[in-house]
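Visitor: Please read through the structure below; I'll follow up with questions.
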Amino acid sequence: RSMSLITCCYSLHMNSSTPTPTPPQNHHASCTSLYKKPFVESFEETPLLVAVLTYMGYGILTIFGYLRDFLRDWKFEKCHLAREREEQKDFVPLYQDFENFYTRNLYMRIRDNWNRPIRSVPGAKMDLVERVTPDYNWTFEHTGKVLKDVINMGSYNYLGFAENTGTCADAASECAVKYGVGVCSSRQETGNLDKHEELEKLVARFLGVESSMVFGMGFATNSMNIPALMGKGCLILSDELNHASLVLGARLSGATIRVFKHNNMQSLEKLLRDAIVHGQPRIHRPWKKILILVEGIYSMEGSIVRLPEIIALKKKYKAYLYLDEAHSIGALGPRGSGVVDYFGLDPCDVDIMMGTFTKSFGAAGGYIGGKKDLVDYLRLHSHSAVYATSMSPPITQQIITSMKCIMGEDGTTLGQERLCQLSENTTYFRRRLHEMGFIIYGNNDSPVVPLMLYMPAKIGAFGREMLKRNIGTVVVGFPATPIIESRARFCVSAAHTREMLDTVSITCTLVKQ
């Protein structure tokens with residue numbers, strides 16, 4: 001099996017403020033002097049035969065989908081999706097039948113792989129509620145049985161803080177007794193607790209920035225704050241694989257959006273150069289602001305952003321940088337403070353540091369960190385700050401306790417031990433899958449491990465067969481991924497034992513066979 005391994009080796013060059021160009025190895029990367037250690041990523045191209053068979057599979061599913069729609073039109077088969085009533089036929093349709101074609105005929109066939117209800121903490125193992133469907137996944141009924149001790153490879157519990165025992169759970173319980181579970185107001189009214197201010201100071205210290213602000217929802221941290229920072233006459237340069245919250249925030253801002261190829265510095269630099277040379281369309285005036293929008297770890301690819309190169313380009317072209325560390329905060333770096341720590345960079349080089357507490361901290365919400373002027377501006381202009389309800393007190397305490405544990409301020413070495421365990425588990429699990437011949441994507445240090453399935457029929461079959469063997473995983477297909485790059489995505493946790501990872505890797509081999 002041929003494997004195209006993209007390996008870039010870098011040496012430390014402290015006196016250079018801009019990248020030293022060298023001949024590129026391929027379109028993904030070029031060796032520069034900006035990295036302190038090897039940066040290894042793997043993205044194997046889909047084999048031609050596999051691509052052809054995958055397209056054929058989708059073609060067959062589409063043909064049968066049209067056949068089933070024909071049977072539904074003639075009442076031979078019942079359609080459970082919402083449709084227009086006969087007396088409404090002269091109105092503008094609320095539902096577009098053709099737009100729902102994929103949902104009716106492809107998604108519904110494998111819908112049982114998603115939205116499975118759990119009834120336990122989403123730790124290294126979890127309990128799932130068993131359900132059955134009498135009508136081919138249109139509806140589900142619970143049997144009353146519980147599938148116990150299912151190995152959880154789908155939750156973003158990177159450091160294992162999603163637990164109902166221990167110091168975090170005890171502190172959150174005490175906080176709930178004192179403050180209650182809800183604030184019932186926004187931060188600018190009567191919802192500003194001393195706990196919120198304590199957390200913001202702690203986050204700023206953890207990130208190494210002047211100030212920070214926390215929000216009750218991670219998705220809204222992006223979608224509501226980007227419009228407060230960007231507007232008409234501004235330019236946003238967005239990675240093609242950015243999360244939906246970043247895409248929504250960019251669209252709501254009213255700024256011009258241009259997309260560059262994933263982690264491709266040549267594509268980004270071309271857009272930056274064109275933006276400087278040509279300015280705004282038609283009027284050719286300089287852009288008011290140019291913002292580069294990237295993530296720390298890309299949750300579907302398992303890749304890590306090429307942050308040193310992006311910072312070099314940002315400085316060269318006088319742009320701003322917005323870094324979303326939803327998956328990298330707590331999961332990367334010797335101190336666990338994200339991709340900036342991972343590369344050993346200065347946090348001041350990132351203008352807007354965003355992240356969420358929903359992954360490594362086992363909680364909810366998000367934050368934005370940076371200069372004090374930036375945060376003070378957002379306190380007044382962010383819709384999340386003005387209108388949204390404040391973060392729940394027990395959630396706030398969960399974050400404070402887990403973050404202090406990571407930083408070692410709880411008087412123990414538990415946080416550092418979990419960081420080391422996550423790194424070891426990630427390296428071990430990726431190596432095991434690679435040795436077994438699987439095609440996996442992403443960076444060697446990324447705890448997000450996509451295992452390529454390709455075929456549409458494998459999406460449902462893989463998820464079901466893994467669950468039969470007491471392993472819960474996430475399978476992903478089109479349109480969340482390119483049509484010929486369906487995959488299973490594993491999320492490694494510090495709570496996983498070596499035995500669990502061995503069980504998963506061996507089971508993957510059995511299921512794929």
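Visitor: Net charge around T46, counting only other residues with Cβ within less than 12 Å of its Cβ (Lys, Arg = +1; Asp, Glu = -1)?
Guide: Here the count lands on -2.
Visitor: Moving to a separate point now. Show me 186-199, 393-406 ranked by packing, highest mean number of other Cβ atoms within 10 Å first.
Guide: 393-406, 186-199
Visitor: Quick check on my link table: of K270/K315; K36/K289; K37/K371, which ones sit more than 21 Å apart, alpha carbon to alpha carbon?
Guide: K36/K289; K37/K371
Visitor: Additional query: Where does the chain land on the Kirkwood hydrodynamic radius, alpha-carbon pairs, in angstrom? List each step's numbers first, then the result.
Guide: Working: mean 1/r = 0.0403 Å⁻¹.
Final number for the Kirkwood radius of the chain is 24.8 Å.
Visitor: What percentage of all Cα-Cα pairs in the range 403-467 are separated by more than 15 Å? Before the final figure, lay out each step's value.
Guide: Values: 1345 of 2080 pairs.
Everything past 15 Å amounts to 65 percent.
Visitor: If the cut-off is 27 Å between C-alpha atoms, which lysines fall inside it for K468, apart from same-chain ones fewer than 8 positions away?
Guide: The qualifying lysines are K125, K145, K148, K359, K458, K512.
Visitor: Let me ask something else. Given I329, A494, W138, which one lies farthest toward the positive end of the charge dipole of the chain, if we put +1 on the Cβ of every Lys and Arg and -1 on the Cβ of every Asp and Glu?
Guide: Going by the charge dipole, the pick is W138.
Visitor: Assign one of three labels to the range 133-265, namely rounded, prolate or oblate, based on the Cα gyration tensor with a ≥ b ≥ c the square roots of its eigenvalues; rounded applies when a/c is under 1.5, prolate when it is not and a/b is larger than b/c, and oblate otherwise. Don't jump to the answer; show the numbers that get you there.
Guide: Values: a/c = 1.90, a/b = 1.16, b/c = 1.64.
Taking the square roots of the gyration eigenvalues as a ≥ b ≥ c, the range 133-265 is oblate.
Visitor: Continuing with this model, one more query. Which value, in debye to the nearest 20, describes the size of the charge dipole of the chain about its Cα centre when Lys and Arg Cβ atoms bear +1, Asp and Glu Cβ atoms bear -1, and nothing else is charged?
Guide: The calculation lands at about 780 debye.
Visitor: Turning to a different aspect of this structure: What order, most packed first, do the peptides 42-52, 361-371, 227-237, 415-425 have when packing is the mean number of other Cβ atoms within 10 Å of each residue?
Guide: Ranked by mean Cβ neighbours within 10 Å, highest first: 361-371, 227-237, 415-425, 42-52.
Visitor: So how compact is the range 89-149: Cα radius of gyration and Dmax in angstrom?
Guide: Here Rg and the maximum Cα pair distance are 16.5, 54 Å.
Visitor: Same structure, new question: For the range 167-407, build the convex hull from the C-alpha positions and give me its volume per residue in Å³. All intermediate terms of the calculation are to be shown ahead of the outcome.
Guide: Numbers: hull volume 26.3 nm³, N = 241.
For the range 167-407, the hull spanned by Cα atoms encloses 109 Å³ per residue.
Visitor: Could you work out the relative contact order of the chain, using alpha carbon pairs under 8 angstrom and six or more residues apart, expressed as a whole percent?
Guide: Once normalised by length, the contact order is 19 percent.
Visitor: Taking the Cα centre of the range 167-407 as origin and charging only Cβ (+1 Lys, Arg; -1 Asp, Glu), how large is the dipole, in debye to the nearest 20?
Guide: 920 debye
Visitor: Moving on. Count charges around M455 for me, please; just the other residues with Cβ under 13 Å from its Cβ, Lys/Arg as +1, Asp/Glu as -1.
Guide: The answer is +2.
Visitor: Straight-line reach from K75: which lysines have a Cα under 30 Å away, not including same-chain ones fewer than 8 places off?
Guide: Reachable lysines: K89.
Visitor: Among all helices in the chain defined by DSSP H, which have a length of 24 Å or more along the axis from Cα atoms plus a Kyte-Doolittle mean of at least 0.0? Don't jump to the answer; show the numbers that get you there.
Guide: Numbers: long enough: 48-73 (38 Å, 1.04); 414-435 (31 Å, -1.16).
Correct list, ordered by number: 48-73.
Visitor: What is the sum of charges, Lys and Arg at +1 and Asp and Glu at -1, for the other residues whose Cβ falls under 11 Å from the Cβ of E141?
Guide: Around E141, the surrounding residues sum to -1.
Visitor: How large is the Rg to Rh ratio of the range 460-513 when both quantities use alpha carbon positions and Rh follows Kirkwood?
Guide: Radius of gyration relative to Kirkwood radius: 1.00.
Visitor: With r defined as the distance between the Cβ atoms of M407 and K371 and R0 fixed at 25 Å, what FRET efficiency is calculated, to the nearest 0.05?
Guide: Given R0 = 25 Å and the Cβ-Cβ separation, E is 0.70.
Visitor: Rounded if a/c is under 1.5, else prolate if a/b beats b/c, else oblate: with a ≥ b ≥ c from the C-alpha gyration tensor eigenvalues square-rooted, which is the range 401-513?
Guide: Because a/c hits 1.5 or more and a/b exceeds b/c, the range 401-513 counts as prolate.
Visitor: Would you mind classifying the range 40-131 by shape? Square roots of the alpha carbon gyration tensor eigenvalues, ordered a ≥ b ≥ c; an a/c under 1.5 is rounded, otherwise it is prolate if a/b is larger than b/c and oblate if not. Spell out each step's value before the answer.
Guide: Working: a/c = 2.43, a/b = 1.32, b/c = 1.83.
Verdict is oblate for the range 40-131.
Visitor: So, one more: Rounded to the nearest 0.05, what FRET efficiency do K145 and R68 have when you use their Cβ-Cβ distance and R0 = 35 Å? If you can, show how the numbers build up before the last one.
Guide: Working: r = 31 Å, r/R0 = 0.89.
Calculated transfer efficiency: 0.65.
Visitor: If you don't mind, another one. Ignoring everything except DSSP H segments at least 4 long, calculate the 222 nm mean residue ellipticity for the chain; use -39,500 (n - 2.57) per segment, divide by total residues, nearest 500.
Guide: -11500 deg cm²/dmol
Taken together, the values in this text are just the output of simple stated rules run on the coordinates, not laboratory data. Note that the structure is predicted; figures quoted are calculated from it, not measured. Backbone-built Cβ (ideal geometry, glycine too); neighbour counts: all protein chains shown.
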